[in-house]
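A short worksheet on the structure shown next.
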Amino acid sequence: MTVRWNFEQTHEDYKDYKDRYLLTDEMKRILEKAQFGLSNAVIDVELADLAIKYATITTPIAGLVTHIDTPLAGINITPATATFEIVNPDSVYFEARIDELEIGKVKEGQKVTISLDSYPDKTFEGLVSAIDFAASTIGGSKVFLTKISLPQNSDRQFRLGMGGDAEIILNEKENVLAIPTEALVRREKNFVWVVDSEGKARRKEVEVGLETDEEIEIVGGLEEGTEIITKGITGLKEGQKIR
C-alpha cells in the first residue's frame, strides 16, 4: 500500500507539475504576443510622429513662397523632386541686359535711374552691383546680365517679373549746354542747323561731350540761347528759308 500510494502521489505531482508548466508556457506566449502588439503600436505612433515632423518643411531664409512644383496634398515628394521657390522681398533687384558694345563703359557702383512699366510716373535710383563675367545670347544678340540694386522694398512695391528700363549714368556734369540727340548731324566734323537773324538755315560746327539716349552735351561751337533746328533736317540746305 505504501508503494502504491507513493506511486500515485508521484504521478499526481507529475501531472500538477506538467499542468503548471504547460500553463506557464502558454501564458508566456500570450505575454510575448501582447508585448509584440504593444511594440508595434509604439512603432506606429513613432512613425506617425515622424511623418508629421518631416511633413513640415522649414526654409533656411525668411521670405515668401512664390512657387511649388507639387502643390496638391497627399503627393509623396523627395529631396530630389521637391522644388520650392522662396523669395526674400528685401533682396529683389533689377536685372538689365547690357549690349556687348556698351559693356565696357559699365562699372560696378555706377548710378542707375530705373523706370518701371508698373509705375510710369515714377523713377527709382539704384546702383550697378554686379556684372556677369560671361555673355548670354538673347534674341540673337550677346548681352551681359547686370544686377542693379533697388531701394528698400519695405512696402513690397517691387515684385518679381516687373519690366522696365534702366539708364546707367556713366558720368555726370552740371550746368552744361545740351541739345536733343536728333539735332546733331554726325559727320567728320559734327554740326547742327541753326536759324540766323534772317530766319534762314545755317550750318554750325560743334564739339560734343557726354551723351545720353536723348541729349548730347555741346562743349564748343554753340552759344546758349541759339535757335537750332531739331526736326526735318534731312535734305536741309544752307540758306534755306525757315520762316
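Just add up the charged neighbours of V128: K/R +1, D/E -1, any other residue whose Cβ is under 14 Å from the Cβ of V128. Spell out each step's value before the answer.
Numbers: positive: R97, K105, K107, K111, K147; negative: E95, E102, E108, E125, D132, E167.
Computed value for this residue: -1.
Could you please tell me the mean projected area of the C-alpha convex hull for the range 90-168, averaged over all directions and given in square nanometres to one decimal?
Details: hull surface 21.5 nm².
Hull-based average projected area comes out at 5.4 nm².
Along the Cα-to-C-beta direction of T230, a point sits 7 Å from the Cα; which residues of the range 169-196 have their amide N less than 12 Å from that point?
178-184, by backbone N distance to the label point.
List the lysines whose alpha-carbon lies under 19 Å from that of K147, not counting same-chain residues fewer than 8 positions away?
K105, K107, K111
Considering lysine pairs in the range 172-243 that are 8 or more places apart or on different chains, how many have Cα atoms under 25 Å apart?
14
Sorting K204, K241 on the 10 Å Cβ count, fewest up front, what's the list? Display every interim value, and only then the final one.
Details: K204 17, K241 8.
Arranged by neighbour count, lowest to highest, K204, K241 become K241, K204.
Can you bin the range 162-242 into rounded, prolate or oblate? Criterion: square roots of the alpha carbon gyration tensor eigenvalues sorted a ≥ b ≥ c, rounded for a/c under 1.5, prolate for a/b above b/c, oblate for the rest.
Values: a/c = 2.37, a/b = 1.79, b/c = 1.32.
Here the range 162-242 falls in the prolate category.
Every number in this text was worked out from the coordinates using simple rules, so none of it is lab data. The structure displayed is predicted, hence computed values, not measured ones. We place every Cβ from the backbone using ideal geometry, glycine too, and count neighbours over all the protein chains shown.
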